[in-house]
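This report concerns only the one structure given below.
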Amino acid sequence: MDDQTVMDKALSTPNIEKKPSSLRYYQDGPPDSIDINDWQLVISGQLAQKIQLCFSDIMRLNQITQHRRMVCVCNWSIKRHWSGVLLQDILQLAGIDATRTDNLYLKQTSIGTREKGCYQSTIPLGAALERRALLAHSVDGSKLPIEQGYPMRLIDFGLYGYKSVKGLTQLEITDQYEIGYWEKLAGYELDGTIRKKKYWLVETRKHYFPVQEGEITEL
Amino acid sequence: MDQSISGNNMLLITAGKFIMGSELYPNESPVRKITMSSFYIDQYPVTNADYKRFIANDGYNNPDLWSNNGWRFIRDKNIQHPLYWHDSNWNQDQQPVTGISWWEACAYATFVGKSLPTEAQWEYASRGDDGRTYPWGHIQPTQEYACYSEGCEPDELDRKSSLVTDHPKGIPKGISPFNCFDMAGNLAEWCIDNNSDDYSWDTKRHNPLYLKDENLHHIARGGSGLHDEDYLRCSSRDFYPPTLRDNIVGMRCVLNLKEGNNDNG
């Protein structure tokens, strides 16, 4: 095998051809197309100055790949190789002091569509930083498919997927813990912590019952 | 074994003992032998046609039908019908009602003079007293037995529920031992109980009920068209906040006879 083949194999996820609903489902879209040259991530709110980052700005930051498990509130889960930048690195650019996040929240907004509007979700900022939340642009070595959040999505691995916005375009630092799109529509919890219940593991085709709430790290 | 209430499609579940739970997952254990009093249960899930009467009779505007928390919930959100009430994939007369929070399910049950089942009542009605895995026995499920998604992978994203009489399809022994239809798949069904990590709280083993706070998560039993085959097992447990109005949960009611439930929680 050549190096690329070895790398592809190392980053692959078994059984990924089986796609649970939320790997295909995109509540507010997805947008018909996204011109990466026009896309920006705007960071605003309770900081000294609003900043705007283009995709290449983000790609110049420290890039990491993490093999971590995301969990859907629909009771399935998948462990994949997510590549991107840490939320803390993005916020550092915006001058956020990661040690002073009490009563601060992170409101995420998607690119959205004309028909359905934007998807928004707000999460506690300090907890997201503690859990090393990621702004992912790639999965298993390839850029995110549009239905999974191209060009970038946030993932807080301690929360169900509906709390982490696909097709991200705005982050706002706020003191308001606002109810988000999916909570408002379907009554899911604002908190979104992964609960102790049975999940279908896509990559192993087995069920698993976690030992505690929050991110599943024991597998 | 059963006796229906004429015109109400309710079945008598006779008093008896049954094995509740399983050793497959921590939240289904410990397995215990439970003593149950008699009760009636709906033979079918509550349909949209049933629920229309609740709306037509101003159920959403009658505070007498709601708990304080439930009333506050629907008032704050200006709720006047289930979430999928105008969606043709979910609103046909003989489809089970869905898009209802736990509070809406309770209010409907109060409206018809019934209540939600306890988790134990639901499991007893589903599996009877012979320890079967699924309502129809131990045979692995197929789409003829129930509406579910193998591997949590529905064929279509634009899902819809089946009719309450659709499952089991042409399998005479496919209904529960008490003759209940559609207890596996299609829509999970709200129960009264709050979620519990396991059954260690149940020391009396007689009409158990675990209810701590209606604002906490409540049990939903039976799996849905979005969930996989393991959720079809009679002892499988799932839970959601009482605010949940997604198209994965519906309801059926029970009518309790004179002996009440013991609240062990």
Exercise for the section: Give the residue, chosen from A:GLY161, A:GLY167, A:GLY112, that is in contact with a Pro (Cβ under 7 Å, 6 or more places away or on another chain) and either of a type in the set (Phe, Trp, Tyr) or in contact (Cβ under 8 Å) with a residue 60 or more places away in the chain (or both). Expected result: A:GLY167
Handout entry: Top-ranked residue of the range B:22-38 - restricted to ones that are in contact with a helix residue (DSSP H, G or I) (Cβ under 6 Å, 6 or more places away or on another chain) and either away from chain A (no Cβ under 14 Å) or part of a strand (DSSP E or B) (or both), ranked as surrounded by the most Cβ atoms within 10 Å (Cβ to Cβ)
Key = B:MET36
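Of everything in the range A:182-219, what is among the acidic types (Asp, Glu) and under 25 Å from A:PRO14 (Cβ atoms)? Give them in sequence order. Step through it out loud before you land on a result.
We begin by selecting, within the range A:182-219, every residue among the acidic types (Asp, Glu); these are A:183, A:189, A:191, A:203, A:213, A:215, A:218.
Selection gives A:GLU203, A:GLU215, A:GLU218.
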Practice task
Could you please find all residues in the range B:193-223 being closer than 14 Å to B:PRO242 by Cα, part of a loop (DSSP other than H, G, I, E, B) and among the hydrophobic types (A, V, I, L, M, F, W, C)?
Solution key: B:LEU211, B:LEU216
Practice task
All but one of (1) over 24 Å from A:LEU47 (Cβ atoms); (2) more than 13 Å from the chain's Cα centre (by Cα) hold for A:THR99, so report the exception by its number.
Solution key: (1)
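Residue-wise test of (1) surrounded by fewer than 24 Cβ atoms within 10 Å (Cβ to Cβ); (2) away from chain A (no Cβ under 14 Å); (3) touching a residue at least 12 places away in the same chain (Cβ under 8 Å); (4) in contact with a helix residue (DSSP H, G or I) (Cβ under 9 Å, 6 or more places away or on another chain).
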residue: B:ASP197; (1), (2), (3), (4): yes, no, yes, yes
residue: B:SER200; (1), (2), (3), (4): yes, yes, yes, no
residue: B:LYS204; (1), (2), (3), (4): yes, yes, yes, no
residue: B:LEU211; (1), (2), (3), (4): yes, yes, yes, no
residue: B:LEU226; (1), (2), (3), (4): no, no, yes, yes
residue: B:LEU255; (1), (2), (3), (4): yes, yes, yes, no
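If we keep just the residues of the range B:228-245 that are out of contact with any His (no Cβ under 7 Å at 6 or more places or on another chain) and among the hydroxyl-bearing types (Ser, Thr, Tyr), which is farthest from the other protein chains (Cβ to nearest Cβ)?
Start the filter on the range B:228-245 by keeping residues that are out of contact with any His (no Cβ under 7 Å at 6 or more places or on another chain), which leaves B:228-229, B:231-238, B:243-245.
Applying the additional criterion that residues be among the hydroxyl-bearing types (Ser, Thr, Tyr) yields B:231, B:235-236, B:243.
Working: B:TYR231: 8, B:SER235: 12, B:SER236: 7, B:THR243: 4 Å.
Across the range B:228-245, the extreme among qualifying residues is B:SER235.
Would it be correct to say that B:GLY151 is at positive phi, surrounded by fewer than 24 Cβ atoms within 10 Å (Cβ to Cβ) and away from chain A (no Cβ under 14 Å)? So that I can check it myself, show each step before the final result.
Working: at positive phi: yes; surrounded by fewer than 24 Cβ atoms within 10 Å (Cβ to Cβ): yes; away from chain A (no Cβ under 14 Å): no.
The answer is no for B:GLY151.
B:TYR134 - would you say it is crowded, with 20+ Cβ neighbours inside 10 Å, away from chain A (no Cβ under 14 Å) and of a type in the set (Phe, Trp, Tyr)? So that I can check it myself, show each step before the final result.
Working: crowded, with 20+ Cβ neighbours inside 10 Å: yes; away from chain A (no Cβ under 14 Å): yes; of a type in the set (Phe, Trp, Tyr): yes.
So B:TYR134 passes the test.
When you go through B:ILE19, B:ILE41 one by one, which is the residue that is away from every other protein chain (no Cβ under 14 Å), part of a strand (DSSP E or B), within 30 Å of B:THR203 (Cα to Cα) and more than 18 Å from the chain's Cα centre (by Cα)?
Details: B:ILE41 fails: more than 18 Å from the chain's Cα centre (by Cα).
Criteria check complete, one pass: B:ILE19.
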Exercise for the section: Name the residue, out of B:LEU226, B:LEU163, B:LEU157, that is in a loop (DSSP other than H, G, I, E, B), over 25 Å from A:HIS207 (Cα atoms) and of a type in the set (A, V, I, L, M). Expected result: B:LEU163
Exercise for the section: Restrict the check to the range A:193-204 and report whether at least one residue is more than 14 Å from every other protein chain (Cβ to nearest Cβ) and either within 20 Å of A:GLN66 (Cα to Cα) or surrounded by fewer than 21 Cβ atoms within 10 Å (Cβ to Cβ) (or both). Expected result: no
Handout entry: Members of the range B:105-131 found to be outside any helix (DSSP H, G or I) and surrounded by fewer than 24 Cβ atoms within 10 Å (Cβ to Cβ), listed by number
Key = B:VAL112, B:GLY113, B:LYS114, B:SER115, B:GLY128, B:ASP129, B:ASP130, B:GLY131
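I'd like to check which strands (runs of 3 or more DSSP E) are fully inside the range A:119-219 and have at least 1 residues that are under 29 Å from A:LEU53 (Cα atoms).
Numbers: elements: A:120-124, A:134-139, A:153-155, A:168-174, A:199-201, A:206-208.
Result: A:120-124, A:134-139, A:153-155, A:168-174.
So which of A:GLN120, A:GLN176 ends up being in contact (Cβ under 8 Å) with a residue 60 or more places away in the chain, more than 10 Å from chain B (Cβ to nearest Cβ), touching a helix residue (DSSP H, G or I) at 6+ places or on another chain (Cβ under 7 Å) and farther than 20 Å from A:ASN62 by Cα? Break it down stepwise before answering.
On the way: A:GLN176 fails: touching a helix residue (DSSP H, G or I) at 6+ places or on another chain (Cβ under 7 Å).
The match here is A:GLN120.
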Completion exercise
Of the residues in the range A:93-118, those that are under 23 Å from A:ILE64 (Cα atoms) and assigned to a loop (DSSP other than H, G, I, E, B) number 6
Handout entry: Residues satisfying the stated conditions in the range B:76-104, i.e. in contact with a Pro (Cβ under 9 Å, 6 or more places away or on another chain) and in a helix (DSSP H, G or I)
Key = B:TRP102, B:TRP103, B:GLU104
Handout entry: Unique residue being in contact with a Lys or Arg (Cβ under 9 Å, 6 or more places away or on another chain), part of a strand (DSSP E or B) and free of Cβ contacts under 8 Å to residues at least 40 places away in the same chain when the list is A:HIS67, A:HIS81
Key = A:HIS67
Problem - Qualifying residue in the range B:169-178 (condition: surrounded by fewer than 24 Cβ atoms within 10 Å (Cβ to Cβ) and within 14 Å of another protein chain (Cβ to nearest Cβ)) - result: no
Exercise for the section: Could you check, for the range A:77-97, whether at least one of its residues is buried (at least 23 other Cβ atoms within 10 Å of the Cβ), more than 28 Å from A:SER56 (Cβ to Cβ) and of a type in the set (Gly, Ala, Ser)? Expected result: yes
Exercise for the section: Assess whether A:TYR188 counts as being within 10 Å of chain B (Cβ to nearest Cβ), closer than 25 Å to B:LYS77 by Cα and touching a residue at least 60 places away in the same chain (Cβ under 8 Å). Expected result: yes
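Every read-out reported here was derived from the displayed coordinates using simple, explicitly stated rules and does not represent laboratory data. Just so you know, these numbers come straight off a predicted model, no measurement behind them. Glycine gets a Cβ as well: all are built from the backbone with ideal geometry, and neighbour counts include every protein chain shown.
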